[in-house]
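The values are calculated or read from the model by the stated rules, or taken from the named source; none is laboratory data. Here the structure is a predicted model, which is why all the values come from computation and not from measurement. So basically every Cβ, Gly included, is an ideal-geometry build from the backbone, and we count neighbours across all protein chains shown.
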Amino acid sequence: MRLLPYLPLLLATACVPLGTPITNPDLPASQQRAAAPAASAALRYQDYIYDPSVRSVQCYVASANANVTAVLGPPIVPLSQDQPITLEFDVLGQQPSRLTAKLISCDINWQPSVLTDLQFLSEINEFNLTNYQTSINTKVPYSHYTLSVPRVKLSGNYLLVVQNQRGAPLLSRRLLVYENQVAVSLQPGILAGGVGARYAYQQLNFAINYSAVELLNPSAEVKVVLRQNYRWDNAHYNLRPTFVRDAERVLEYQYINYENAFPGLSEYRYFDARSLQANGLGVARLLRQGNPVQVELQPEASRNNLAYNQYEDANGQRVFDNREFGNGAVNGDYAQVTFNLKVDQPAPGPVYVLGALSDWQLKDEFRLAYDSLNQRYTGQALLKQGYYNYSYAVAPKVAGAPPDEVYFEGTHTETENQYDLLVYYRPPGTRTDLLIAYQAFDLNKR
């Protein structure tokens with residue numbers, strides 16, 4: 001599921017309340033933000049939104065040529081940081097607020113390290129967000145903020161936290177800075193087991209060559225994280241090398257018991273709401289008289305047990321845009337989007353809309369309700385104009401397990417997915433985990 005160079009051209013052509021609503025659509029737009037509850041002060045070391053007035057968060061590596069596909073990439077940069085990580089988000093309401101941001105150094109498990117600010121930063125760890133614009137000609141007013149993240153001096157994990165004037169967090173985002181001290185090679189693995197597993201799962205085997213650097217006890221001290229489509233919710237941790245070749249100074253990771261396997265799933269569902277004047281792809285009806293505008297999506301069905309269907313997608317990401325005025329950052333309006341999933345019977349657990357639109361989390365605001373009379377799941381979410389990818393997922397029965405997307409989406413080994421490998425090491429005397437290698441791999445690249 002990869003966004004090819006011509007996907008921007010493709011983009012150019014083309015109920016029951018869902019959890020606790022972010023805003024009350026019956027209120028005038030000027031009162032939307034006042035209806036939002038106050039931000040919580042409890043910081044979470046993950047991608048998270050603490051204040052419901054914060055919407056449409058994007059964190060990506062800025063592109064020198066302003067490529068539209070840059071916003072679909074992850075917030076990962078080399079230590080040189082020639083192109084900075086950029087954070088963009090909206091805050092609903094009529095008046096902008098004074099906001100600040102800070103960085104927190106974290107270890108591999110996303111817990112705060114013991115580094116002081118001066119050990120990883122060359123400036124005071126408080127950044128004012130002075131680059132903002134108010135929305136133009138939108139029914140739902142908001143302020144759009146942009147921040148270029150300052151450079152850091154060490155590789156590793158960082159949590160970027162945006163705070164309000166009271167010091168309460170509004171949002172947090174995970175950032176990665178790497179330095180390629182070791183060489184990494186990835187290749188598709190051959191799955192053992194029955195025919196069903198071979199046609200449903202994907203596996204990457206990999207090797208780490210550390211001949212160019214001195215590592216102490218690498219088989220135990222080198223730690224890796226493998227992700228699918230830049231997601232943290234289903235990432236694989238605690239992968240140990242299956243072969244240690246001391247003479248060649250190579251660690252090999254080749255598995256036979258699915259430790260390293262992911263469901264291939266299907267290409268992501270999509271809809272195009274970049275125009276609120278005409279129906280885009282996947283949109284059944286527009287009700288423009290409302291405030292906000294109502295967007296009803298085409299009825300959908302389960303894709304489990306269906307044959308694989310190949311098409312280009314954006315790997316669960318989204319792009320904000322306005323086809324009429326061309327500047328999605330400040331001209332993009334917000335709309336109440338209604339999802340419709342027709343199924344004969346309820347799923348074995350709560351059902352959610354999942355993707356970058358929900359931070360890959362099972363949020364109450366994206367939970368669907370089952371209508372037994374019409375045999376469908378429905379729900380609404382307040383979303384900014386743009387092109388969206390998403391899937392339907394069932395909440396896991398075991399706490400901490402990834403959501404079950406296979407139940408409605410099916411799974412295929414032919415699906416295109418983006419994988420990346422993070423390699424960490426803590427040298428003796430170092431007070432945090434360094435990210436000593438990063439490698440991405442596009443499986444089933446078109």
For this session: Could you check, for segment 218-227, whether at least one of its residues is within 21 Å of residue 412 (Cα to Cα), out of contact with any Gly (no Cβ under 6 Å at 6 or more places or on another chain) and surrounded by 14 or more Cβ atoms within 10 Å (Cβ to Cβ)?
Result: yes
Problem set entry | segment 183-211: number of residues that are within 27 Å of the chain's Cα centre (by Cα) and in a loop (DSSP other than H, G, I, E, B) | 3
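Say we look at segment 32-66 and pick out the residues that are over 16 Å from residue 357 (Cα atoms) and of a type in the set (Ser, Thr, Tyr); which of these is modelled with the highest pLDDT? Steps first, please.
Here is the first cut: in segment 32-66, the ones over 16 Å from residue 357 (Cα atoms) are 32-45, 61-66.
When the remaining residues are screened for being of a type in the set (Ser, Thr, Tyr), the result is 40, 45, 63.
Details: 40: 46, 45: 97, 63: 79.
Here the answer is 45.
Quick one: which strands (runs of 3 or more DSSP E) lie wholly within segment 83-140 and hold at least 3 residues that are out of contact with any Phe, Trp or Tyr (no Cβ under 6 Å at 6 or more places or on another chain)?
On the way: elements: 85-92, 100-106, 132-134.
Fully inside segment 83-140 and qualifying: 85-92, 100-106.
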For this session: Would you check which residues across segment 268-283 are out of contact with any helix residue (DSSP H, G or I) (no Cβ under 9 Å at 6 or more places or on another chain), in a strand (DSSP E or B) and closer than 24 Å to residue 417 by Cα and list them?
Result: 270, 271
For this session: Considering each residue of segment 114-153, count those that are crowded, with 17+ Cβ neighbours inside 10 Å, closer than 21 Å to residue 167 by Cα and small (Gly, Ala, Ser), and give that number.
Result: 1
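Taking the options 370, 392, 388, name whichever one is in contact with a Lys or Arg (Cβ under 9 Å, 6 or more places away or on another chain), over 25 Å from residue 71 (Cα atoms) and either of a type outside the set (A, V, I, L, M) or not in a strand (DSSP E or B) (or both). Spell out how you get there, then give the answer.
Details: 392 fails: over 25 Å from residue 71 (Cα atoms); 388 fails: over 25 Å from residue 71 (Cα atoms).
On inspection, the qualifying residue turns out to be 370.
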Seminar exercise, completed: Residues of segment 373-392 being of a type in the set (Lys, Arg) and within 20 Å of residue 91 (Cα to Cα), in sequence order, are 384
Exercise. Condition test on residue 400, is it at pLDDT 95 or above, part of a loop (DSSP other than H, G, I, E, B) and more than 24 Å from residue 313 (Cα to Cα)?
Worked result: no
Seminar exercise, completed: Across segment 382-407, the tally of residues that are under 15 Å from residue 270 (Cβ atoms) and either aliphatic (A, V, I, L, M) or outside the structural domain of residue 360 (by TED's automatic domain parsing) (or both) stands at 1
Problem set entry | Residue count for segment 67-105, restricted to those that are at pLDDT 95 or above, touching a Ser or Thr at 6+ places or on another chain (Cβ under 7 Å) and among the polar types (S, T, N, Q) | 2
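From the residues in segment 212-227 that are assigned to a loop (DSSP other than H, G, I, E, B) and of a type outside the set (Asp, Glu), which one is nearest to residue 396 (Cα to Cα)?
Going through segment 212-227, the residues assigned to a loop (DSSP other than H, G, I, E, B) turn out to be 212-217, 222.
Next, from what is left, pick out any that are of a type outside the set (Asp, Glu): 212-213, 215-217, 222.
Details: 212: 43, 213: 42, 215: 39, 216: 39, 217: 37, 222: 31 Å.
Per the stated criteria, the residue is 222.
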Problem set entry | Single residue of segment 302-350 satisfying the filter (closer than 21 Å to residue 405 by Cβ and under 19 Å from the mean Cα position of the chain (by Cα)) that is surrounded by the fewest Cβ atoms within 10 Å (Cβ to Cβ) | 312
Problem set entry | Answer from 186, 216, 226, 147 - the residue that is under 30 Å from residue 91 (Cβ atoms) and of a type outside the set (S, T, N, Q) | 147
For this session: Considering only segment 228-267, state which residues are more than 26 Å from the chain's Cα centre (by Cα), buried (at least 17 other Cβ atoms within 10 Å of the Cβ) and assigned to a loop (DSSP other than H, G, I, E, B).
Result: 241, 249, 255
Exercise. Residues of segment 284-310 being closer than 30 Å to residue 234 by Cα, assigned to a strand (DSSP E or B) and aliphatic (A, V, I, L, M), which ones?
Worked result: 297, 301
For this session: Please name all residue pairs, on different chains or six or more residues apart, with Cβ atoms under 8 Å, provided the first residue is in segment 213-234 and is within 28 Å of residue 442 (Cβ to Cβ) and the second residue is surrounded by 18 or more Cβ atoms within 10 Å (Cβ to Cβ) and acidic (Asp, Glu).
Result: 223/433; 226/420; 227/420; 230/420; 232/47
